[in-house]
Amino acid sequence: MSVDENGYIDGYIVALQRRGGICHIVSIAVRKDCRRQHVASILLQSLFELCDVSQPRLYILEVDIRNMGAQVLYAKHGFGYAGLIPNYYGSERHALVMVKIPAWKC
Ligand SMILES: CC(C)(COP(=O)(O)OP(=O)(O)OC[C@H]1O[C@@H](n2cnc3c(N)ncnc32)[C@H](O)[C@@H]1OP(=O)(O)O)[C@@H](O)C(=O)NCCC(=O)NCCS
């Protein structure tokens, strides 16, 4: 969660630690008047730093095929396309699956 100087929430991210070292980003959103100020980027970066301790093998998320802004955001943070789920958000509303594989650490 990101909070401004007045205590209002700028944005949030929800992620679940799945079995097998998979971190599933379930939801991320930023208040309309706070967008394009890198709030989502900071939230994603914070998540990566938090998860780094448990060394996830994979980050995975679904994004609406029409949501180009979010796809650009994820691509900038190292996500690539891994598949398509037809009708995931409802009739004719398809999802793209995007994944990020963190650098291997010994
Ligand atoms: C998608 C969302 C979370 C992005 O949040 P944000 O704080 O504005 O994102 P950032 O400022 O960190 O964006 C980082 C980069 O991603 C890209 N980006 C983000 N939003 C974009 C948009 N609407 N159009 C094009 N590129 C976009 C840009 O390259 C941006 O860098 P720049 O502003 O320097 O050009 C926000 O628009 C949102 O809450 N949308 C509604 C909910 C939603 O779609 N969530 C994702 C569900 S999968």
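Figures for the structure shown
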| read-out | value |
| --- | --- |
| Subset of the range 61-70 that is of a type outside the set (D, E, K, R) and either open to solvent by 60 Å² or more (accessible area, probe 1.4 Å) or more than 16 Å from ILE28 (Cβ to Cβ) (or both) - its residue that is farthest from the ligand (Cβ to nearest atom) | ILE65 |
| Output for the range 16-26, where each listed residue is surrounded by fewer than 15 Cβ atoms within 10 Å (Cβ to Cβ) and touching a strand residue (DSSP E or B) at 6+ places or on another chain (Cβ under 9 Å) | LEU16, GLN17, ARG18, GLY20, GLY21, ILE22, VAL26 |
| Selection from the range 27-60 of residues that are open to solvent by 80 Å² or more (accessible area, probe 1.4 Å) and of a type in the set (A, V, I, L, M, F, W, C) | ILE42, LEU50, VAL53 |
| Count of the range 35-54 residues which are at pLDDT below 95 and either within 11 Å of the ligand (Cβ to nearest atom) or more than 18 Å from GLY78 (Cα to Cα) (or both) | 2 |
| The range 38-52 residues that are of a type in the set (Val, Ile, Thr), paired with ones that are within 13 Å of the ligand (Cβ to nearest atom) (beta carbon under 9 Å, 6 or more apart) | VAL39/SER2; VAL39/ASP10; VAL39/GLY11; VAL39/VAL30; VAL39/ARG31; ILE42/SER2; ILE42/GLY11 |
| Residues of the range 55-89 classified as modelled with pLDDT under 95 and among the charged types (D, E, K, R), total | 1 |
| ILE13 being touching a residue at least 12 places away in the same chain (Cβ under 8 Å), surrounded by fewer than 13 Cβ atoms within 10 Å (Cβ to Cβ) and over 23 Å from TRP104 (Cα atoms) | no |
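The values are calculated or read from the model by the stated rules, or taken from the named source; none is laboratory data. Remember, predicted model here, so these are calculated numbers, not experimental data. Positions of Cβ are generated from backbone atoms using ideal geometry, with glycine treated the same way; all protein chains shown enter the neighbour counts. SASA here: full protein model, heavy atoms, side chains in, ligands and nucleic acids out. Shrake-Rupley method; radii C 1.70, N 1.55, O 1.52, S 1.80 Å.
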